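Each reported figure results from applying straightforward, stated rules to the coordinates on display, with no laboratory input. Here the structure is a predicted model, which means the values were calculated and not measured. All Cβ positions, even for glycine, are placed from backbone atoms using ideal geometry, and neighbour counts span all protein chains on display.
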Amino acid sequence: MSTPRPIGDGEYGDLLDRAVTAFRYEARDLYAIGEEHDDYVKFLQGIPRMPDQVGWWKQYLDQVAGRARQGRTRSRVRVLAEPPTDYQRWLLWADPWYAAAGETIGYLGRRKAYELGLPDADWWLLDDERAVILAFDDDGHIEQRTLVAGPGLIAKYRLWRDLAVRFSVPAAQIAAA
């Protein structure tokens with residue numbers, strides 16, 4: 001069993017790049033990621049740019065599509081505020097592009113997540129062997145990434161993933177509602 005330890009950007013990127021299966025649990029209502037800011041503002045102004053026409057976004061979608069062609073999966077469950085925040089509405093709007101690239105996204109209402117005992121924290125589960133816990137400041141900036149490994153420590157992340165997936169609603173169903 002290994003001890004959780006902080007990791008830097010490089011190791012974090014390498015872990016995500018090497019993962020055959022990557023599951024992300026997103027518990028926050030808002031993220032402050034610099035490259036997204038201008039496109040998020042345009043969405044709020046009613047003039048969204050299509051994700052497949054935005055450099056940083058297209059790069060991510062192409063990366064997901066390439067991994068999908070190699071048989072590698074990327075999925076996530078997003079905890080949805082009730083009602084959804086503006087940021088979450090933007091993510092919902094973009095979900096068809098993620099789906100077209102091969103990423104599976106589900107949504108779980110915040111009340112249901114609490115009922116299920118799911119954490120109020122973000123994390124990745126990679127290849128069912130490692131987890132990366134993401135800590136954010138109040139404004140949504142990443143403060144720290146912590147790597148967790150070892151069967152005893154990872155078992156709860158597998159359980160949480162399975163619960164989140166089982167009780168989530170596919171993004172396409174949320175968008176249609």
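Residues of segment 151-168 being hydroxyl-bearing (Ser, Thr, Tyr) and in contact with a Gly (Cβ under 9 Å, 6 or more places away or on another chain), which ones? Passing the criteria: only Ser168.
Can you pull out every residue in segment 47-67 that is more than 14 Å from Leu91 (Cα to Cα) and assigned to a loop (DSSP other than H, G, I, E, B)? The answer is Ile47, Val54. Applying the criterion of being farther than 17 Å from Arg78 by Cα and surrounded by 12 or more Cβ atoms within 10 Å (Cβ to Cβ) to the residues of segment 22-37, the residue that is nearest to the chain's Cα centre (by Cα) is Glu36. For segment 96-112, filtering for residues that are over 12 Å from the mean Cα position of the chain (by Cα), crowded, with 17+ Cβ neighbours inside 10 Å and assigned to a helix (DSSP H, G or I) leaves 3.
Which ones in segment 64-84 are of a type outside the set (A, V, I, L, M) and either loosely packed, with under 14 Cβ neighbours inside 10 Å or within 18 Å of Tyr114 (Cα to Cα) (or both)? Walk me through how you get there before you give the answer.
Here is the first cut: in segment 64-84, the ones of a type outside the set (A, V, I, L, M) are 66-67, 69-76, 78, 82-84.
The answer is Gly66, Arg69, Gln70, Gly71, Arg76, Arg78, Glu82, Pro83, Pro84.
Taken over segment 141-155, the residue count meeting the criterion of being loosely packed, with under 14 Cβ neighbours inside 10 Å and assigned to a helix (DSSP H, G or I) is 3.
Screening Asp128 with (1) in contact with a strand residue (DSSP E or B) (Cβ under 6 Å, 6 or more places away or on another chain); (2) at positive phi gives one miss only, at (1).
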